[in-house]
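A.B. asks: Just dropping this structure here.
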Amino acid sequence: MTAGVKRETLIWGVVMLLGAVGLLGHALSSPLGVGREYVRAVPLANGQWTQYDPATYGEYLGAERAQPGQQVVQLSVPRTIGLWFAAFCTLAIFSFLYADNPFYRVAEHIFVGVSAAYWMVIAFWDVIVPNVIGKIWPGLVQGWAMPGLSGPEAERNLVYVVPLVLGIMLLWRLMPVGGWIARWPLAVIVGTTAGLRLIGFLHGDFLGQIRNTILPLVVFTGGAFDFWGSLSNVIIVVGVLCCLTYFFFSFEHTGVVGKAARVGIWMLMITFGAAFGYTVMGRIALLGARIEFLLDNWLWLIDPTGKRAIATVIVSLFG
Amino acid sequence: MGAFLRQEWWIVAVFIASLLPLVHVLFTGRVSALRSLDRRWIFLLMFWAVLLPIYYVSSTGNVLPEVPGALAQATFDEIEKLSPGDPVLMAFDYDPPTTGEMAPMATAFVRHAAEKRLRMYFMTLWPPGAQMIDDTIARVLKPDFPQLVYGRDYVNLGYKSGQEAVIKVVVTNLRELYTTDVLGTGVQNIPMMDGITSIQQMKLIINVASGTPGTKEWVQYAVTPYPNLRIVAGVTGVSAPLYYPYIPRQLNGLLGAIKGAAEYEQLVLNRYGGPNPNPKYMEGLRRMAPQLVGHLLIIGLIIVANVLYFTDPARGRR
């Protein structure tokens, strides 16, 4: 690393540090403070449980002014910790843009671990319990996890023993002996998926796209010649034929075939350019959403949806 | 703009200060410095290109005018022509990483369906999708449409694993997989599930999808084999070009990326927004200013990079 680059890094680091200190100072000195989460306690009909719905800081201040010390709208410590942790993870992931670092790795590992656990829990409660155990032993599931299960949906269906056995066979690969047993359900999965996708692509894409390309080259709308409609259809038909010609290798790409293939390449390039443009748009949108989260939900520097407007009025009036 | 600069001078000062080293590098190194520019400067420029417009729009409340295109109009019309009480499937196949693009569409779709008093059947093919559905219900239906009752006007059927196989099943027999809703209530105890046995009974499928399984699978396994079904979709920018070939026969409306979301939001606001539209329903519109500045930056960088490439005296020798 040259001295120039080191100096540049130092300057950049100092500037960003000053910016961060300034940002934090601005947030802490503002009358509303920084990110906190509030909840409204809503008793459920059974009288035993309480549901906590999101509330705003303004609602909290209003409730406190009406009845000091009330417990209906409260500061939610767990949700506030979650908010700050989300902000930390966002900044930690962003930090990779500068260079790989321990904060990025911590956030990355948390993401992987939480995702795996989330998928496992969801799969257990949303699939294995209702769709496997619930089909084979409905009474057990009804008494244990799903009291609402009744009627024809609660009847025993022994066909589901087959996927249960296949699932157990798939897990057999974890055993020290008999690993070949797992290959049978794997073969069923591969065969079923291949068949399902083949039908889907043949019907939805191959045949569907041929049908979608058979278009009138001269379009009349309301009895009058539609120039733009006709041009659009001509471009679609010519574009498809030229792109197909480009991928047609039984003839040498010379003469008419060569010219059509060249038009096909141009069509493909335009398509790639459009796809790149769309990708840029998507990535900027995602970056914008995270920046808005940091400035709005976390630092309370902006309030695009006006959720703290009432709080601002109350604080300015009553301090 | 002048008032904004006076009031928020500090962020402008931080912006200028953060770029001073770049200016110094460019002035001392000139063209050769540009050719070997550290890519992190580009990251920083993009950061500011997105942050400053967000800050400006949020501080002033000004959004860029949006003219809806034909696809957004077709999407809007598909929902608008339905009658109150018509059942619609809200298939939310996305997860938190893409909420920046998907949430504005989901919010606008649910708001539009609620304004039309359609019966909404939420489901997802993505494990975190159930949470996305809950978030949208909490954001739109509970605060702004308290008259709509869970189980009578909308229901969250939650997630089922199996990807396209789930579509293949529910399109003929919904209750084979969905015996309860996401809360564990038996479907026979949910009033709006009376008489609903398959997805074919839905008047429209509204799909918000950020990948696989998503819109492509709904087109392949639901709409193509059962042409009476109609579908509109909101998709990410990365995947949007894949769906254009399905329009209009297999896909009746498409919102591509945040631009599509903003156009659709504008149409919903024009029809249902009133004189003082709720900023909660303008998320896509707010994001168009950072899109504009970000795209100008990208275009500028592409032009500069090409000029540098074609004027590089060492180009021919490499």
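No lab work stands behind these numbers, since they all come straight from the coordinates. All values reported here derive from a predicted model rather than from experimental measurement. Cβ: placed from backbone, ideal geometry, glycine included. Neighbour counts: every protein chain shown.
A.B. asks: Long-range amide H contacts for B:ARG287: which residues qualify at under 5 Å (H placed 1.01 Å from N, peptide plane, sequence gap of 5 or more or a different chain)?
C.D. replies: Correct list: empty.
A.B. asks: Whose amide H sits under 5 Å from the amide H of B:ALA233, counting only residues 5 or more places off or on another chain, with H placed in the peptide plane?
C.D. replies: Those lying under 5 Å, H to H, from B:ALA233 are B:ASN207, B:GLY253, B:LEU254, B:LEU255.
A.B. asks: At q = 0.07, 0.08, 0.15 Å⁻¹, what log₁₀ I(q)/I(0) does a Debye calculation on the Cα points of chain A give, no solvent, two decimals?
C.D. replies: Debye curve over Cα of chain A, log10 I(q)/I(0) at q = 0.07, 0.08, 0.15 Å⁻¹: -0.69, -0.87, -1.21.
A.B. asks: Under a crude label model (7 Å from the Cα following the beta-carbon direction), how far is B:LYS280 from A:THR254 in nanometres?
C.D. replies: Output for this residue pair reads 7.0 nm.
A.B. asks: Run through every distinct alpha carbon pair of the protein assembly as shown and return the Kirkwood hydrodynamic radius in angstroms, one decimal place.
C.D. replies: 28.1
A.B. asks: Still on this structure, please answer the following. Helix-only mean residue ellipticity at 222 nm, chain B, DSSP H runs n ≥ 4 weighted -39,500 (n - 2.57), per residue, nearest 500. What is it?
C.D. replies: Rounded to the nearest 500, it is -15000 deg cm²/dmol.
A.B. asks: Quick check of the Kirkwood formula: for the stretch A:115-267, what is the inverse mean of 1/r over all pairs of different Cα atoms, in Å?
C.D. replies: After inverting the mean inverse Cα-Cα distance, the result is 21.5 Å.
A.B. asks: On to the next question. Looking at chain B as a GNM with Cα springs under 10 Å, which of B:VAL219, B:VAL166, B:VAL149 has the largest mean-square fluctuation?
C.D. replies: In this elastic network of chain B, the residue with the biggest mean-square fluctuation among B:VAL219, B:VAL166, B:VAL149 is B:VAL149.
A.B. asks: Next question, about the same structure. Per residue of the stretch A:103-108, in order, report the coupling 6.51 cos²θ - 1.76 cosθ + 1.60 (Karplus, θ = phi - 60°) as ³J(HN,Hα) in whole Hz, putting x for Gly and Pro.
C.D. replies: 4, 4, 5, 4, 4, 5
A.B. asks: Calculate the FRET efficiency for B:TYR244 and B:THR197 from the Cβ-Cβ distance with a Förster distance of 41 Å, rounded to the nearest 0.05.
C.D. replies: 0.80
A.B. asks: What helices in chain B pass both tests, a Cα length along the helix axis of 20 Å or more and a mean Kyte hydropathy of 1.0 or higher, using whole DSSP H runs?
C.D. replies: Membrane-span-like by this rule: B:9-35, B:39-60, B:288-310.
A.B. asks: Using amide H atoms built 1.01 Å from N in the peptide plane, name the residues 5+ places from B:GLY158, or on other chains, whose amide H lies under 5 Å from its own.
C.D. replies: HN-HN under 5 Å from B:GLY158: B:THR124, B:VAL182.
A.B. asks: Continuing with the same structure: Assuming a strict under-20 Å limit between Cα atoms, what lysine pair count do you get for the protein assembly as shown once near-sequence pairs (fewer than 8 apart, same chain) are dropped?
C.D. replies: Taking the Cα cut-off of 20 Å, the pair count is 16.
A.B. asks: Just to be sure I understand: with springs between alpha-carbon atoms less than 10 Å apart, which residue in B:ILE298, B:ILE231, B:ILE133 has the highest mean-square fluctuation in the Gaussian network model of chain B?
C.D. replies: B:ILE298
A.B. asks: How far is the Cα center of the stretch B:228-245 from the Cα center of the stretch B:185-216, in Å?
C.D. replies: If we compute the Cα centre of each part, the gap is 18 Å.
A.B. asks: Determine the calculated [θ] at 222 nm for chain A from helices alone, applying -39500 (n - 2.57) to every DSSP H run no shorter than 4 residues and normalising by the residue count; nearest 500 deg cm²/dmol.
C.D. replies: Estimated from H runs of four or more residues: -19500 deg cm²/dmol.
A.B. asks: For the stretch B:82-89, what does the Karplus curve 6.51 cos²θ - 1.76 cosθ + 1.60, with θ = phi - 60°, yield as ³J(HN,Hα) per residue in whole Hz, taken in order and with x for Gly and Pro?
C.D. replies: 6, 9, x, x, 5, x, 10, 8
A.B. asks: Given the stretch B:70-280 reduced to its alpha-carbon atoms as identical point scatterers, what log10 I(q)/I(0) does the Debye formula return at q = 0.09 Å⁻¹?
C.D. replies: -0.29
A.B. asks: Now a separate question. What ³J(HN,Hα) values, in whole Hz, does the Karplus curve 6.51 cos²θ - 1.76 cosθ + 1.60 give for the stretch A:284-301 when θ = phi - 60°, with x put for Gly and Pro?
C.D. replies: Along the stretch A:284-301, the couplings run 5, 4, 5, 4, x, 5, 6, 5, 5, 4, 5, 6, 8, 5, 8, 8, 6, 8 Hz.
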